[in-house]
1. Want the number for Asn126 to Ala33: 0.36 nm per residue separation, take away the alpha-carbon distance, what's left?
2. Quick one, can you get me the convex hull of the C-alpha atoms of region 54-93 expressed as volume per residue in Å³?
3. Quickly estimate the mean residue ellipticity at 222 nm for the chain, helices only: each DSSP H run with n ≥ 4 gives -39500 (n - 2.57), and the total goes over all residues, rounded to 500.
4. Mean separation of Cα pairs under 8 Å and 6+ residues apart, divided by the residue count of the chain: what relative contact order is that in percent?
5. With both bridge residues required to lie in the chain, what share of the DSSP beta bridges run antiparallel, to the nearest 5%?
6. With θ taken as phi - 60° and the coefficients 6.51, -1.76 and 1.60, list the Karplus ³J(HN,Hα) couplings across region 103-111 in order, rounded to whole Hz; mark glycine and proline as x.
7. Beyond 23 Å, what share of the Cα-Cα pairs of region 5-119 remains, rounded to the nearest whole percent?
8. Rolling a 1.4 Å sphere over the protein heavy atoms, what is the accessible area per residue of the chain, to the nearest Å²?
Amino acid sequence: MFSNFSITMTDTPPQDLWRRVWDGLAAYNLQFAPADGHQALAIFAHDADKNLVGGLLGGTAWSWLYINILWLDEAVRHQGLGQKLLTMAEQEAVRRGCRHAYFDTLSFQARGFYEKNGYIVFAVLNDFPPGHKKYFMKKNLMPAHGG
C-alpha cells in the first residue's frame, strides 16, 4: 500500500520541510477559517544585574492568546512578578483583538496561581506525566457581548 512512498522520521527536522508541512496545513485551514493572524509574544524579566529571572512565551491567533511557557526563577516567585507578566500578556492580547486566553499547566506547577487570575479548567489529561495531570485552562479577556 505504501510502496510508492519514502517515509522518514527524525528528531531534527530540516527547517524547510517543517515549514512546508506547517504551510500545507495552513493552506488547508483557509478553506474553513480565516488566516489565523499569528503573532509571537515574548516578555522577559531581568533583575538589577540584567540576569534573566523569568519570562512568558506564547502568541496570539484567531482572537486567542496562548501561553506556551510562563517561568520564574525560584528566587523571585511570590513577589507579584508572575502576575505582572501574565497581565502584560493579556493586555497586549486585547490590544491585538483577542477575546480569550488558553494554556496548559501540570499538576505540580501553578494551577492555583492561574485560578487566582481568573482562569478555569476546561479539560484534564490524567497520568501526564505518569502520576500527575495536565490541566487545560482558559479565560475570557473581554466581557461577552450583550451583558
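The values are calculated or read from the model by the stated rules, or taken from the named source; none is laboratory data. Predicted, not measured: the structure shown is a model, and the values here were computed from it. Positions of Cβ are backbone-derived with ideal geometry, glycine not excepted, and every protein chain shown enters the neighbour counts. These accessible areas exclude ligands, DNA and RNA; they are computed on the full protein's heavy atoms, side chains included. Shrake-Rupley method; radii C 1.70, N 1.55, O 1.52, S 1.80 Å.
1. 30.4 nm
2. About 49 Å³ per residue, rounded to a whole number.
3. Calculated at 222 nm, the ellipticity per residue is -7500 deg cm²/dmol.
4. 15 percent
5. About 90 percent, rounded to the nearest 5.
6. Using θ = phi - 60°, the values come out as 5, 10, 9, 8, 4, 9, 9, 10, 3 Hz.
7. Counting pairs separated by more than 23 Å, the tail of P(r) holds 45 percent.
8. 73 Å²
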